[in-house]
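Colleague: Before anything else, here's the structure in question.
The values are calculated or read from the model by the stated rules, or taken from the named source; none is laboratory data. Since we're looking at a predicted model, the values are computed, not measured. Every residue, glycine among them, receives a Cβ derived from its backbone with ideal geometry; neighbour counts consider all protein chains shown. Just so you know, the surface numbers come from the protein's heavy atoms only, side chains and all, with ligands and any DNA or RNA stripped out. Shrake-Rupley method; radii C 1.70, N 1.55, O 1.52, S 1.80 Å.
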Amino acid sequence: MLVGSGSFAQHCSPAYDVSMVVSELSTDVQRLLAAIVAIAQAQHIRIFLVGGGVRDLLLGVDAGRDIDLAVEGDVSALTATLLTQLPLRLVAQHTSFGTATLITNGSPARLVIDLARTRVEHYPQPAVLPEISPAPLAEDLVRRDFSINALAIELFVDNEILHTGELIDPFGGVRDLAARQLRILHPQSFRDDPTRILRGLRLAARLDLQLVPTTAAVLSDALAAEYLGLLSVERIQNELCLMLGEPSPAAVVQRADTWRVSSALAPGLHWSPALAEAELRLQHALATGQITTSANLLFAGLLTYSLNAAARTAFLQHYRLPTEFSRLVVEIGALHELLPRIMAIKYESALEQSLRPFSDAALLVVHYAEQTPASDRIGHYVQKLRPLAPLLDGRDLQRLGVSPGPQLRRAARYAPRCTARWPCRNTRGG
Ligand code: ATP
Ligand code: MG
């Protein structure tokens, strides 16, 4: 069943006028979409704005840097034409899923366009990638995760101007959005794909959503059946990675505690008021430009800060983290041990010597995670003393004629600048 603008109007305020919301997109995004749609139309392919992009437009929040388009037709052929006619670059393509990810070369800058063939999915077993076959949009919406993501708007072009069809909302997504509710589409949803539990966590934390009772009951059954344990480490790790990019990773952990799934992410991981406060301090320092170290890395450090030594080791063994992230977790453990002795260090030169081996990220995490004299002292070192250290390492100094020995050790400071990001991947293809 497709619900058009008639019943849509019953559920929502005039702020949800579809043509109005699409006109909220910036002019260069609209121009690009119009060009894509014109090429699709010439190939007799119907194309729809779908999923999170529609949800965010209806909410009036920034639709982010990716636009999801559902394509009723051959994605490979369409992609090939788009790449020859528009300033787009191919980032990834899964022909078996009928998906392609493109990125803009010019204006709008670095906008990601995800194209996915409309399809039905069949999950032969829990937690495995689905078998798929092409299907019209109405069936494609049925395979989606939540009612608020099972939304679509058909796009047309006339005289190079972008036009929209009605809002397609078969599961009452607009109603759920207005009521801030999270609802799966069928009782097998979490069994089919348990990553939806983790996707739901992120969404619920970001948009302050509550599970409807039927979905809460299905979640509880899915946890009892341990479906999350069937997911590959890579897929859970990818969700962790996406979590770090959320406006408040701590809020996601708080939901994870409420939903009783924190231990599936990392044994020992849990929310506390201290974590929330530390995150606020960190957010403020990042927003005001007091620190420039990668936010992604700092949040990862903060979330693992309260793990005990055994949980930290288990975490490192379980996931295959990018080097800078695993190193950070190790360093935080070592700093934990050093912390009780920090206040006993008398001279700044001795403090410098003790903290020199640690990265900025590790020191900043400890500084923002705690509010104790010891963590303040670490903050003072990393923010005030370390920047005064020469940005030359031992080899630079040797090249300048300083001979190896104590003098060189004193002169060469370790002052790494970290811009690490943990690149998340779409492991499922649209
Ligand atoms: P975000 O704002 O985090 O990008 P999103 O809803 O756009 O949220 P995407 O990962 O970009 O999330 O996925 C786009 C759409 O694809 C979703 O809105 C949803 O309709 C569908 N989708 C993605 N992953 C799944 C999944 N595991 N199961 C069902 N549908 C999914
Ligand atoms: Mg998206």
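Colleague: Those residues that are crowded, with 19+ Cβ neighbours inside 10 Å and either part of a loop (DSSP other than H, G, I, E, B) or charged (D, E, K, R) (or both), I need them from the stretch 20-35; list them, please.
Modeller: Leu25
Colleague: Let me ask something else. Tell me which residues, restricted to the stretch 36-48, are part of a strand (DSSP E or B) and either open to solvent by less than 30 Å² (accessible area, probe 1.4 Å) or within 12 Å of ligand 2 (Cβ to nearest atom) (or both). Working first, answer last.
Modeller: Here is the first cut: in the stretch 36-48, the residues part of a strand (DSSP E or B) are 46-48.
Listed by number, the residues that qualify are Ile47, Phe48.
Colleague: Residue by residue through the stretch 168-181, note down the ones that are within 25 Å of Glu121 (Cα to Cα) and either more than 16 Å from ligand 2 (Cβ to nearest atom) or touching a Pro at 6+ places or on another chain (Cβ under 6 Å) (or both).
Modeller: Ile168, Asp169, Pro170, Phe171, Gly172, Val174, Asp176, Gln181, listed by residue number.
Colleague: Go through Arg320, Arg312 for me and flag whichever is assigned by TED's automatic domain parsing to the domain that holds Arg377, of a type in the set (Lys, Arg), under 22 Å from the mean Cα position of the chain (by Cα) and over 15 Å from Glu370 (Cβ atoms).
Modeller: Working: Arg312 fails: under 22 Å from the mean Cα position of the chain (by Cα).
Testing whether each residue is assigned by TED's automatic domain parsing to the domain that holds Arg377, of a type in the set (Lys, Arg), under 22 Å from the mean Cα position of the chain (by Cα) and over 15 Å from Glu370 (Cβ atoms) leaves just Arg320.
Colleague: Let me ask something else. Going by the conditions given, is Leu408 surrounded by 13 or more Cβ atoms within 10 Å (Cβ to Cβ), among the hydrophobic types (A, V, I, L, M, F, W, C) and either assigned by TED's automatic domain parsing to the domain that holds Arg312 or modelled with pLDDT of 90 or more (or both)? Talk me through it step by step, then tell me what you get.
Modeller: Values: surrounded by 13 or more Cβ atoms within 10 Å (Cβ to Cβ): yes; among the hydrophobic types (A, V, I, L, M, F, W, C): yes; either assigned by TED's automatic domain parsing to the domain that holds Arg312 or modelled with pLDDT of 90 or more (or both): no.
Considered against the rule, which asks whether it is surrounded by 13 or more Cβ atoms within 10 Å (Cβ to Cβ), among the hydrophobic types (A, V, I, L, M, F, W, C) and either assigned by TED's automatic domain parsing to the domain that holds Arg312 or modelled with pLDDT of 90 or more (or both), Leu408 comes out as no.
Colleague: Identify all residues within the stretch 91-144 that are farther than 24 Å from Leu32 by Cβ and of a type in the set (Val, Ile, Thr); write none if there are none.
Modeller: Val120, Val128, Ile132, Val142
Colleague: What are the residues in the stretch 65-77 that are buried (at least 22 other Cβ atoms within 10 Å of the Cβ) and either farther than 30 Å from Ala178 by Cα or not assigned by TED's automatic domain parsing to the domain that holds Ala34 (or both), if any?
Modeller: Val75
Colleague: Pairs needed: first member in the stretch 183-196, among the aromatic types (Phe, Trp, Tyr); second member anywhere, near ligand 1 (Cβ under 8 Å from one of its atoms); C-beta distance under 8 Å; at least 6 residues apart or different chains.
Modeller: What qualifies is Phe190/Arg196.
Colleague: Looking at the stretch 314-350, which of the residues that are among the hydroxyl-bearing types (Ser, Thr, Tyr) and in contact with a Lys or Arg (Cβ under 9 Å, 6 or more places away or on another chain) is farthest from Ser263 (Cα to Cα)? Even if it seems obvious, please write down each step before you answer.
Modeller: In the first step, residues of the stretch 314-350 are kept if they are among the hydroxyl-bearing types (Ser, Thr, Tyr); the result is 319, 323, 326, 347, 349.
Narrowing further to those that are in contact with a Lys or Arg (Cβ under 9 Å, 6 or more places away or on another chain): 326, 349.
Details: Ser326: 19, Ser349: 42 Å.
Applying the filter and picking the extreme gives Ser349.
Colleague: Further question: Please find, within the stretch 334-349, the residue that is nearest to Tyr305 (Cα to Cα) out of those that are of a type outside the set (Gly, Ala, Ser) and open to solvent by 60 Å² or more (accessible area, probe 1.4 Å). Steps first, answer last, please.
Modeller: Let us first name the residues in the stretch 334-349 that are of a type outside the set (Gly, Ala, Ser), namely 335-343, 345-348.
Among the residues that remain, those that are also open to solvent by 60 Å² or more (accessible area, probe 1.4 Å) are: 336-337, 340-341, 343, 346-348.
Numbers: His336: 9, Glu337: 12, Pro340: 16, Arg341: 18, Met343: 20, Lys346: 26, Tyr347: 27, Glu348: 26 Å.
My answer is His336.
Colleague: Mind listing whichever residues of the stretch 245-263 are open to solvent by 10 Å² or more (accessible area, probe 1.4 Å) and in contact (Cβ under 8 Å) with a residue 40 or more places away in the chain?
Modeller: Scanning the stretch 245-263 gives Gly245, Glu246, Pro247, Ser248, Ala251, Gln254, Arg255, Trp259.
Colleague: Do we have Asp62 as within 11 Å of ligand 2 (Cβ to nearest atom) and open to solvent by 10 Å² or more (accessible area, probe 1.4 Å) here?
Modeller: Working: within 11 Å of ligand 2 (Cβ to nearest atom): no; open to solvent by 10 Å² or more (accessible area, probe 1.4 Å): yes.
So Asp62 does not fit the description; no.
Colleague: Please find, among Asp257, Asp208, the residue that is more than 16 Å from ligand 2 (Cβ to nearest atom), among the charged types (D, E, K, R) and closer than 20 Å to Ala311 by Cβ. Steps first, answer last, please.
Modeller: Numbers: Asp208 fails: closer than 20 Å to Ala311 by Cβ.
One residue alone meets the criteria, Asp257.
Colleague: Same structure again: Do we have Arg110 as in the same structural domain as Leu167 (by TED's automatic domain parsing), at positive phi and of a type outside the set (Gly, Ala, Ser) here?
Modeller: Values: in the same structural domain as Leu167 (by TED's automatic domain parsing): yes; at positive phi: yes; of a type outside the set (Gly, Ala, Ser): yes.
Against the criterion (in the same structural domain as Leu167 (by TED's automatic domain parsing), at positive phi and of a type outside the set (Gly, Ala, Ser)), Arg110 qualifies.
Colleague: Right, another one. Here is a list: Gly165, Gly173. Which entry is within 27 Å of Val37 (Cβ to Cβ), open to solvent by less than 10 Å² (accessible area, probe 1.4 Å) and in contact with a strand residue (DSSP E or B) (Cβ under 9 Å, 6 or more places away or on another chain)?
Modeller: Details: Gly165 fails: open to solvent by less than 10 Å² (accessible area, probe 1.4 Å).
Of Gly165, Gly173, the one residue that is within 27 Å of Val37 (Cβ to Cβ), open to solvent by less than 10 Å² (accessible area, probe 1.4 Å) and in contact with a strand residue (DSSP E or B) (Cβ under 9 Å, 6 or more places away or on another chain) is Gly173.
Colleague: Next question, about the same structure. Being out of contact with any Pro (no Cβ under 8 Å at 6 or more places or on another chain) and more than 14 Å from ligand 2 (Cβ to nearest atom): is that true of Pro87 here? Before you say what the answer is, go through the steps one by one.
Modeller: Working: out of contact with any Pro (no Cβ under 8 Å at 6 or more places or on another chain): yes; more than 14 Å from ligand 2 (Cβ to nearest atom): yes.
Yes, satisfied.
Colleague: Which residue is modelled with the highest pLDDT, if the candidates are limited to the stretch 257-279 and must be closer than 21 Å to Gln317 by Cβ and part of a helix (DSSP H, G or I)? Let's see the steps before the verdict.
Modeller: Within the stretch 257-279, the subset closer than 21 Å to Gln317 by Cβ is 261-270.
Add one more test, that the residue is part of a helix (DSSP H, G or I), and what stays is 262-265.
Numbers: Ser262: 95, Ser263: 91, Ala264: 90, Leu265: 91.
Checked the stretch 257-279; the qualifying residue modelled with the highest pLDDT is Ser262.
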